[in-house]
Amino acid sequence: MRIVVVGGTGFIGSRLVTMLRKHSLDVLVASPSAGVNTITGEGLSVVLNDAQVVVDVSNSPTLQDDAALRFFDASSRHILAAAEAAGVKHYIALSVVGTDRLPESGYFRAKMAQENLIRVSHLPYTILRATPFFEYITGIVENAADGDVLRLSPAPIQPIAADDVVAALLDITLSHPQNRELEIVGPDRFRLNELAEQILTANEDPRTVIADEKALYFGAVLREDTLVPGDHPRFAPTRFEDWIRLYIAQALVPAF
């Protein structure tokens, strides 16, 4: 079985490629460094030749509303067309929990557009929606910084370790198409502002976190249900407290 990972040199994609190859699978990477441009379609027909599975974990290089929409629209249209022409049997895409509940966010609208293009294609598919990665929480927190104060929403969030998302993608790759959306979330639920406080404490950062219901997340105000899963998600095993303990330990390792 030949598997093509679009965005295979990125944060999730590189991990997925490594895991797939550990299972002795035939894996090709579709990325700019491999001569593939999903925005123009260049190189897609070549890399998808004889592929049975496509996993799209690519992401927009910017979170700006219009730019993100242009990226996911053009990229998805080209990948889907090339996959149909190649006779791909399973099209997998990584998306975001809450995509259908935050239309006020341009980035979430762009992800929804990507999902809709997949649904109306003629390809068997599975869409995996994941909650924010532990590894990205620091960036989310820093985006809320205003001097010595960080204003974050108290909305619930159930973040997940990136490696747990990769493990789920591996399982989906080796399974039959579901022709629907699946959700994967971390095992623990936090308030976003409380999670930020834990991050600052771990980094010995003295700044103050303020819970603000009007604070923006990807350009939109969160509701209680925006970032939490539906009724039957897959629960990942890695707890945030274990991940943050390892994060601190690695930060303390001498660089020699």
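Observations
- R129 fulfils the conditions (1) surrounded by fewer than 21 Cβ atoms within 10 Å (Cβ to Cβ); (2) at pLDDT 95 or above; (3) closer than 24 Å to F190 by Cα; (4) not polar (S, T, N, Q) except for a single criterion, (1).
- Restricting attention to the range 139-161, the residues being within 15 Å of the chain's Cα centre (by Cα) and crowded, with 19+ Cβ neighbours inside 10 Å number 6.
- Unmet requirement for Y136, which otherwise passes all of (1) open to solvent by less than 40 Å² (accessible area, probe 1.4 Å); (2) within 20 Å of L227 (Cα to Cα); (3) out of contact with any Asp or Glu (no Cβ under 8 Å at 6 or more places or on another chain); (4) of a type in the set (F, W, Y): (1)
- Search result, residues across the range 186-224 that are within 25 Å of R109 (Cα to Cα) and open to solvent by 80 Å² or more (accessible area, probe 1.4 Å): R189, R191, E213, K214, L216, R223, E224
- Candidates in the range 76-102 are the residues that are touching a residue at least 40 places away in the same chain (Cβ under 8 Å) and assigned to a loop (DSSP other than H, G, I, E, B); of these, the one that is most open to solvent (accessible area, probe 1.4 Å) is K89.
- Being under 15 Å from the mean Cα position of the chain (by Cα) and farther than 20 Å from S33 by Cβ is true of L63.
- Of everything in the range 146-172 that is in contact (Cβ under 8 Å) with a residue 24 or more places away in the chain and in a strand (DSSP E or B), the residue that is nearest to F218 (Cα to Cα) is L152.
- Any chance A51 is surrounded by fewer than 24 Cβ atoms within 10 Å (Cβ to Cβ), part of a loop (DSSP other than H, G, I, E, B) and touching a Gly at 6+ places or on another chain (Cβ under 9 Å): yes
- So S58, is it farther than 22 Å from S175 by Cβ and in contact (Cβ under 8 Å) with a residue 24 or more places away in the chain: no
- Within the range 1-16, being touching a Leu at 6+ places or on another chain (Cβ under 8 Å) and either open to solvent by less than 10 Å² (accessible area, probe 1.4 Å) or more than 17 Å from L44 (Cα to Cα) (or both) holds for M1, I3, V4, V5, G8, I12, L16.
- Residue in the range 229-252 that is over 23 Å from the mean Cα position of the chain (by Cα), open to solvent by 40 Å² or more (accessible area, probe 1.4 Å) and in contact (Cβ under 8 Å) with a residue 24 or more places away in the chain present: yes
- Top-ranked residue of the range 17-42 - restricted to ones that are of a type in the set (G, A, S) and touching a Gly at 6+ places or on another chain (Cβ under 7 Å), ranked as surrounded by the fewest Cβ atoms within 10 Å (Cβ to Cβ): G35
The values are calculated or read from the model by the stated rules, or taken from the named source; none is laboratory data. Keep in mind it's a predicted model, so treat the numbers as computed, not measured. We place every Cβ from the backbone using ideal geometry, glycine too, and count neighbours over all the protein chains shown. Only protein heavy atoms, including side chains, enter the accessible area calculation; ligands, DNA and RNA are left aside. Shrake-Rupley method; radii C 1.70, N 1.55, O 1.52, S 1.80 Å.
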